[in-house]
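The structure appears below as structure tokens.
Read-outs: derived from the displayed coordinates by stated rules, not from any lab. Computed from a predicted structure; not experimentally measured. Cβ: placed from backbone, ideal geometry, glycine included. Neighbour counts: every protein chain shown.
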Amino acid sequence: MNAPDRAPDRYAVAGNPVAHSRSPHIHSLFAHQTGQAVDYGRLLCPLDGFAPEVQAFAASGAKGCNVTVPFKFEAFELAPQRSARAELAQAANTLRFDAEGGWLADNTDGVGLVRDLTVNAGVALAGRRVLLLGAGGASAGVLGPLIEAGPAEVVVANRSVDKAEALVQRHAAFARDHGVRLSARTLQDPGVGYDVFVNGTAASLSGSGVPVGPQVLRPGALALDMMYGPAAQAFLDWARQHGAVPRDGLGMLVEQAAESFFVWRGVRPDTRPVLCELRAMVDAPTPSA
């Protein structure tokens, strides 16, 4: 008599909101592709109860979770072990519960962004000028890997300039070691003529429009919004209207998910077919009533 198959290991994306998240579908495709026994769901956490919700999920036997807005800073604080990239960001989007020595916090956002820019979009970052908008958890997660890619300059612009300055200060030595000029600016004076513009704010999600003027774009610049789908459409239209190459955050989403999958499973999935499938789903016209 054959032994029953072992139950799949459980993971989830934790956040508020999470109903819209494509992560369960992405990780299902990764699991099928790599032959990994994974059950990946959604974990809606109360805004004032992230830690108890995630701790209960871990106690139930789950192996890990991704973390989305607005809990990336809290996730970092929960784990006794932190990867170097999570330490630099002081934020985590990936928790591994079954790591030796206790929970491990990691941040795969920046790796995902850089891979999408350099591999999927074919944009070399070395020697370029980059504007990163926002100083929250999303921007904190990507700044280190952006610096590591070797641009000539990275400017962090934020509504509250003191938050941008704190983020820059935390990365100052890292930037010096990589020969990258790093500075903070306000949204009113973000600078001009960048080669790459990355929007890490929630402006698209809230529908409040692009919070800087088109002078930030040099002709032919790449402008990427970390959002995707309908939320990103106004940004994409704005970028196209002002002579930039628009890109949404779907590729970043798939690439950061692949890095999280590797952290958990030790297997790196092929992102190309998954991104193609997701792109077809996201870009499909909405059926008329």
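Please give me the summed charge of the neighbours of Gly110: other residues whose Cβ is under 15 Å from its Cβ, Lys and Arg +1, Asp and Glu -1. Let's see the in-between values first.
Details: positive: Lys72, Arg82, Arg85, Arg115, Arg170; negative: Glu87, Asp106, Asp109, Asp116, Glu148, Glu255, Glu259.
Surrounding charge for Gly110 is -2.
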For Tyr40, distant residues with modelled amide H under 5 Å away: Tyr11
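How big is the dipole moment of the chain about its Cα centre under a simple scheme where the beta carbon of each Lys and Arg is +1, that of each Asp and Glu is -1, and everything else is neutral? Debye, nearest 20, please. Don't jump to the answer; show the numbers that get you there.
Details: 25 positive and 28 negative charges, 85 e Å.
Magnitude of the dipole: close to 400 debye.
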Treat each spin label as a single point 7 Å out from the Cα along the C-beta direction, and report the Ser160 to Ala7 distance in nm. 4.2
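Between Arg240 and Asp39, what FRET efficiency comes out of the Förster formula 1/(1 + (r/R0)^6) with R0 = 45 Å and r the beta carbon distance, rounded to 0.05? Can you show the working numbers first?
Working: r = 40 Å, r/R0 = 0.88.
The calculated FRET efficiency here is 0.70.
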Can you tell me the 0 to 90 degree angle between the C-alpha axis of helix 230-241 and the longest principal axis of the chain, rounded to 10? 30
Using alpha-carbon pairs under 8 Å, 6+ residues apart, how would you state the relative contact order of the stretch 122-248 in percent? 23
With labels modelled as points extended 7 Å from the Cα through the Cβ direction, what inter-label distance (nm, one decimal) is found for Val192 paired with Arg272? 4.2
Within a Gaussian network of the chain (alpha carbon springs, distance under 10 Å), most fluctuating of Asp39, Asp48, Asp106: Asp48
At 7 Å along Cα-to-Cβ for each site, give me the label-to-label distance between Arg181 and Gln215 in nm. 1.7
With the chain treated as a Gaussian network of Cα nodes joined by springs under 10 Å, which of Ala91, Ala239, Ala105 yields the largest mean-square fluctuation? Ala239
Any chance you could give the angle, 0 to 90 degrees and rounded to 10, that helix 271-283 forms with the longest Cα principal axis of the chain? 70
In whole Å, what is the distance between the alpha-carbon centres of the stretch 222-285 and the stretch 96-174? 17
Helix 137-148 sits at what angle to the longest principal axis of the chain, using alpha carbons and giving 0 to 90 degrees rounded to 10? 70
Across the stretch 158-173, in residue order, what do the Karplus-derived ³J(HN,Hα) couplings come to in whole Hz, using 6.51 cos²θ - 1.76 cosθ + 1.60 with θ = phi - 60° and x for Gly and Pro? 8, 4, 9, 5, 5, 5, 5, 5, 5, 5, 5, 4, 5, 9, 4, 5
Springs between alpha-carbon pairs under 10 angstrom, Gaussian network model over the chain: which of Gly229, Gly191, Gly266 fluctuates most? Gly266
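Evaluated at 37 °C with a viscosity of 0.692 mPa s, what Stokes-Einstein diffusion coefficient in µm²/s does the stretch 110-174 have when Rh comes from the Kirkwood expression over alpha-carbon pairs?
Details: Rh = 11.9 Å.
In µm²/s, the coefficient rounds to 275.
Compute the signed sum of charges (Lys and Arg +1, Asp and Glu -1) over the other residues within less than 10 Å, Cβ to Cβ, of Val154. Please report the intermediate quantities before stating the final value.
Values: positive: Arg128, Arg129, Arg181; negative: Glu153.
Around Val154, the surrounding residues sum to +2.
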Please list, in order along the stretch 245-262, the HN-Hα scalar couplings obtained from phi with the Karplus expression 6.51 cos²θ - 1.76 cosθ + 1.60 (θ = phi - 60°), rounded to whole Hz, x for Gly and Pro. 8, x, 8, 9, x, 5, x, 4, 4, 5, 5, 5, 5, 5, 5, 4, 4, 5
Overall dimensions of the stretch 122-248 as given by Cα atoms, namely Rg and Dmax in Å: 13.4, 39
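In a shell of Cβ-Cβ distance under 11 Å around Arg85, excluding Arg85 itself, what net charge do Lys and Arg (+1) and Asp and Glu (-1) give?
On the way: positive: Arg82; negative: Glu87, Asp106, Asp109, Glu148, Glu259.
Combined, the nearby Lys, Arg, Asp and Glu give -4.
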Suppose the Debye formula is applied to equal point scatterers at every Cα of the chain; what is log10 I(q)/I(0) at q = 0.09, 0.10, 0.13 Å⁻¹? -0.42, -0.52, -0.88
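Among bridges DSSP assigns within the stretch 81-163, what percent are antiparallel (round to 5)?
Details: 3 of 10 bridges.
Counting DSSP beta bridges with both partners in the stretch 81-163, the antiparallel share is about 30 percent.
Taking every DSSP beta bridge that has both residues in the chain, what percent is antiparallel when rounded to the nearest 5? Each step should come with its number before you reach the end.
On the way: 6 of 42 bridges.
Of the beta bridges lying entirely in the chain, close to 15 percent run antiparallel.
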In order over the stretch 44-55: 3J(HN,Hα) from phi, Karplus 6.51/-1.76/1.60, θ = phi - 60°, whole Hz, x for each Gly or Pro, gives 7, 9, x, 4, 10, x, 4, 4, x, 5, 5, 5
